[in-house]
Structure formats: C-alpha cells, structure tokens
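Read through the structure below, which is laid out as structure tokens, and then see the notes.
The values are calculated or read from the model by the stated rules, or taken from the named source; none is laboratory data. Here the structure is a predicted model, which means the values were calculated and not measured. We place every Cβ from the backbone using ideal geometry, glycine too, and count neighbours over all the protein chains shown. Calculation scope for accessible area: heavy atoms of the full protein, side chains included, ligands and nucleic acids excluded. Shrake-Rupley method; radii C 1.70, N 1.55, O 1.52, S 1.80 Å.
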Amino acid sequence: MAGGEVLRQNLPEKLEESPSGANELHVLAVDDSLVDRKVIERLLKISSCKVTVVESGTRALQYLGLDGDKKSSIGFDSVKVNLIMTDYSMPGMTGYDLLKKIKQESSVFREIPVVIMSSENILTRIDRCLEEGAEDFLLKPVKLSDVRRLKDFIMRGEVKEGEKRCCKRSRSEDCSPSSMTHPCDSSLLSSLSSSSVLSPLSPSTLSSKKSRL
C-alpha cells in the first residue's frame, strides 16, 4: 500500500474517532519505516494518546501546514499537536532537518517538544539534535516506559503553563496595593517558573541538555 494511502486512511479516522478530553495528548509520529510506525503507534495508543502517523518529514510539514503550499496541507486547523516524535534517518528530509524547520522557521510550532528517535548511538548526532532544540533523543526500539514518561512530562508542562497564565491574568486585573498579598505574587510565579522547567529523565536518553552545560 502506498504511503499516501496509509496517511489518508489513518489521519481522518483517528481524528474523528479519538474522544476529546482534558488529559488527551496528540502526538505526531514521523518514521519512514512501516514497522517502526506501527510500533510507535501501538505504544502511543496503549498510553491513551491520540496518534497521527506520517511516513516522511515532508508529510509532517504538510500536516502542520509548514510546507508553504496551502493546497497540499493535510492538517486540520482545529487539531492541536502536543508532541512530535520523529526518526532521525529518513530519505530526503532527515529528522534533524525536520527539527530545524520546526524550531527555526515556525513561530507557531517551535514550542512543541520534538523527540528524535534512532537505532544508532552516535554521540555527535545526539548532541547536534539536542543543541538544535530537541527535547529528548531516544534509542530504538522505543519502549512503553519511554512513551509514558514523555506523556507525563508533557502533561505536567501543560498544567504548569495553565497555572502561570492564570496567575498573570490575576495580577493584571488587580493593580491595587492589596495585590502585594495576592496568592499569585512574584515568589509563587518564580516557583511555578522553576518547577515547569523539566529535563528528560529516561534511562534510554543518550544525552541531555543539562550534561553539556
């Protein structure tokens, strides 16, 4: 079956059938290997994630609407992507190329965590991806524990961001002297800010941003 046919069959059905919920995580998985796509899709479904799978970096850009051609876009404006997981070694556009495209050329999607997957333990490759903004680098085969850890990490980040936005709105609405004792004062904001900055903790993570500092 052609890759385009797989994409057309998977995407609309998944987006329509997956029930929406406050704790639902939508993951865009990118891999040129059909076997690896099925594996990561299975793991994400077991972890109660909404999954969209595509077979190339080009298809991923089309889904996100970043290919510059609105006619070829296969994404949905109402769909929010919380995490992008991409293979590193793919023909045409590599996972590293996709990472750069997202982080450097998109103000909308640059904040979305991108996780690189690879079956090769090449330290220079790992460092390059992390320096470019990858959230994590996982060694294949990806395990269920990796997926669940990533989901927990992203969901915690979503909650913290929501708390910070709530505090900012409260501070902007209360400009009286009594606002100095408001529950969302500067010390709490500082605490929220520091607690929301998490780093990859998986044993399968081959390197980390923190280790290079």
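List, please: which pairs have Cβ atoms under 9 Å, are six or more places apart or on different chains, and start with a residue in the range 62-88 that is more than 29 Å from residue 139 (Cβ to Cβ) and outside any helix (DSSP H, G or I) and end with one that is open to solvent by 80 Å² or more (accessible area, probe 1.4 Å) and modelled with pLDDT of 60 or more?
Qualifying pairs under 9 Å: 65/108.
Counting just the residues of the range 44-89 that are touching a strand residue (DSSP E or B) at 6+ places or on another chain (Cβ under 7 Å) and charged (D, E, K, R), which one comes out modelled with the lowest pLDDT?
The qualifying residue modelled with the lowest pLDDT is 80.
Taking the residues in the range 93-151 that are modelled with pLDDT of 95 or more and of a type in the set (Ser, Thr, Tyr) as candidates, determine which candidate is surrounded by the fewest Cβ atoms within 10 Å (Cβ to Cβ).
124
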